[in-house]
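**Q** Got a structure for you, written out below as structure tokens; questions coming shortly.
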Amino acid sequence: MSIIKEHIRPVFPFTAIVGQEEMKLALVLNMIDPKIGGVMIMGDRGTGKSTTIRAIADLLPQIPIIQDDIFNSHPTDTELMSDAVQDSILNGETLATTFINVPMIDLPLGATEDRVCGTIDIEKALNEGIKTFEPGLLAKANRGILYVDEVNLLDDHLVDILLDSAASGWNTVEREGISIRHPARFVLVGSGNPEEGELRPQLLDRFGMHAEIRTVKDPALRVKIVEQRNQFDQNPNACITEYQDKQNTLKQNIANAQAILDKVEIDYSLRMKISQVCGELDVDGLRGDIVTNRAAKAFAAYKGRTNVTIEDIQQIIVLCLRHRLRKDPLETIDSGAKVIDVVSKVFQ
């Protein structure tokens, strides 16, 4: 069944995407360490945001799950298991496991809260005493990627729910005194066009990274992008085969980075400098410090090292801090440039 599906909807290879390095790096680092907190991608229409996000899921190694479990429960990690699976294991039951592709769930703009969170069948609960849970998109996205296009147009309370679940790793549904909780550990990826409105600062701050993408101006590069897209549309399989080696290399790099991430260390002096940058930029709260530390470690792991360098921090710090600066309507300097300016002073 899955083979047929792949032939119907081939995925554009991630390594074939030209430019947009900021967005690609932010996505790769979140795949290495989902605790970074997701990515908000803001940019012009038609710049390949959706294509890139769908392409990253195709790069990830398959994950083990408990067979036929609606929450993609992990066979051994209790943090990624539903309560029912935990109870079964405690009762000494042997559960069958299988491997699946990393879930990639699209959240439509018109989704209701029940569709996102799931719902409890109250009638069945009252009449038969059985808690029947109809899983929502958060359940399906557990251990995967949840993608919200035009996140800036999504209802604020739904964005709140998504961010709370992404941060805590759990989703709780309560109705008429009945409560069900399930794991919802996913990488939240939002995209939007700034012309259609910005996200509220307190919501924007909850995203780990913020990538800005612009339309490519270089005519030669634009021609290359158009040609590549045409080739893929005409013969997707040939395009996928052409980039297979690069795809496999990147896939291996991500898997290697995930394996050594826990061993990566960042010196106290560098952590002090990160916090100094956050202080000088007047960043509210400590989320900026935490995310920058995590992203620097993920970047070092991606490069195959277990020690973070100044260069690692310089590569990722703009992505982690630019959306956390207070907006001054009279200021002409770009927030990214402001971060670079302070970083260069602190890290001299």
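**Q** Picking from Asn152, Asn101, which residue would you name as being under 23 Å from Asp68 (Cβ atoms) and either out of contact with any strand residue (DSSP E or B) (no Cβ under 6 Å at 6 or more places or on another chain) or touching a residue at least 12 places away in the same chain (Cβ under 8 Å) (or both)?
**A** Asn101
**Q** Taking the criterion of being part of a helix (DSSP H, G or I), in contact with a Phe, Trp or Tyr (Cβ under 7 Å, 6 or more places away or on another chain) and either of a type in the set (Val, Ile, Thr) or surrounded by 20 or more Cβ atoms within 10 Å (Cβ to Cβ) (or both), would at least one residue in segment 56-65 satisfy it?
**A** Yes: segment 56-65 contains one or more residues that are part of a helix (DSSP H, G or I), in contact with a Phe, Trp or Tyr (Cβ under 7 Å, 6 or more places away or on another chain) and either of a type in the set (Val, Ile, Thr) or surrounded by 20 or more Cβ atoms within 10 Å (Cβ to Cβ) (or both).
**Q** For the structure I just gave you, tell me whether Ala26 is among the small types (Gly, Ala, Ser), surrounded by 19 or more Cβ atoms within 10 Å (Cβ to Cβ), touching a helix residue (DSSP H, G or I) at 6+ places or on another chain (Cβ under 7 Å) and modelled with pLDDT of 90 or more.
**A** Yes, satisfied.
**Q** Here is a further query. Cβ-Cβ under 8 Å, sequence separation 6+ or interchain: first residue in segment 209-233 and touching a residue at least 40 places away in the same chain (Cβ under 8 Å), partner surrounded by 14 or more Cβ atoms within 10 Å (Cβ to Cβ) and basic (Lys, Arg). Which pairs?
**A** Final answer for the pair search is His210/Arg322; Glu212/Arg322; Ile213/Lys49; Val216/Arg222.
**Q** Follow-up question, since we're still on this one. I'd like to check which helices (runs of 4 or more DSSP H) are fully inside segment 231-332 and have at least 2 residues that are under 24 Å from the mean Cα position of the chain (by Cα) and surrounded by 12 or more Cβ atoms within 10 Å (Cβ to Cβ).
**A** Where helices (runs of 4 or more DSSP H) fall fully within segment 231-332 and carry at least 2 residues being under 24 Å from the mean Cα position of the chain (by Cα) and surrounded by 12 or more Cβ atoms within 10 Å (Cβ to Cβ), they are 244-260, 268-280, 287-302, 310-321.
**Q** Now for a different question. Test Ser73 against the stated conditions and say whether it is part of a loop (DSSP other than H, G, I, E, B) and either small (Gly, Ala, Ser) or at positive phi (or both).
**A** Yes: the conditions hold for Ser73.
**Q** Something else now. Being more than 28 Å from Leu163 (Cβ to Cβ), surrounded by fewer than 17 Cβ atoms within 10 Å (Cβ to Cβ) and out of contact with any helix residue (DSSP H, G or I) (no Cβ under 7 Å at 6 or more places or on another chain) is the requirement here; does Thr112 meet it?
**A** The answer is no for Thr112.
**Q** For Asp87, state whether it is exposed (fewer than 12 other Cβ atoms within 10 Å of the Cβ), of a type in the set (D, E, K, R) and either closer than 30 Å to Leu203 by Cβ or without any contact (Cβ under 8 Å) to a residue 40 or more places away in the chain (or both).
**A** yes
**Q** Output the number of residues of segment 179-208 satisfying the condition of being touching a residue at least 40 places away in the same chain (Cβ under 8 Å), small (Gly, Ala, Ser) and surrounded by fewer than 23 Cβ atoms within 10 Å (Cβ to Cβ).
**A** Number of matching residues: 2.
**Q** Please determine whether any residue of segment 64-73 is touching a Lys or Arg at 6+ places or on another chain (Cβ under 7 Å) and among the aliphatic types (A, V, I, L, M).
**A** Scanning segment 64-73 turns up no residue that is touching a Lys or Arg at 6+ places or on another chain (Cβ under 7 Å) and among the aliphatic types (A, V, I, L, M).
The values are calculated or read from the model by the stated rules, or taken from the named source; none is laboratory data. As the structure is a computational prediction, the values presented were derived from the model and not from experiment. Cβ coordinates were reconstructed from backbone atoms using ideal geometry, including for glycine residues, and neighbour counts include every protein chain displayed.
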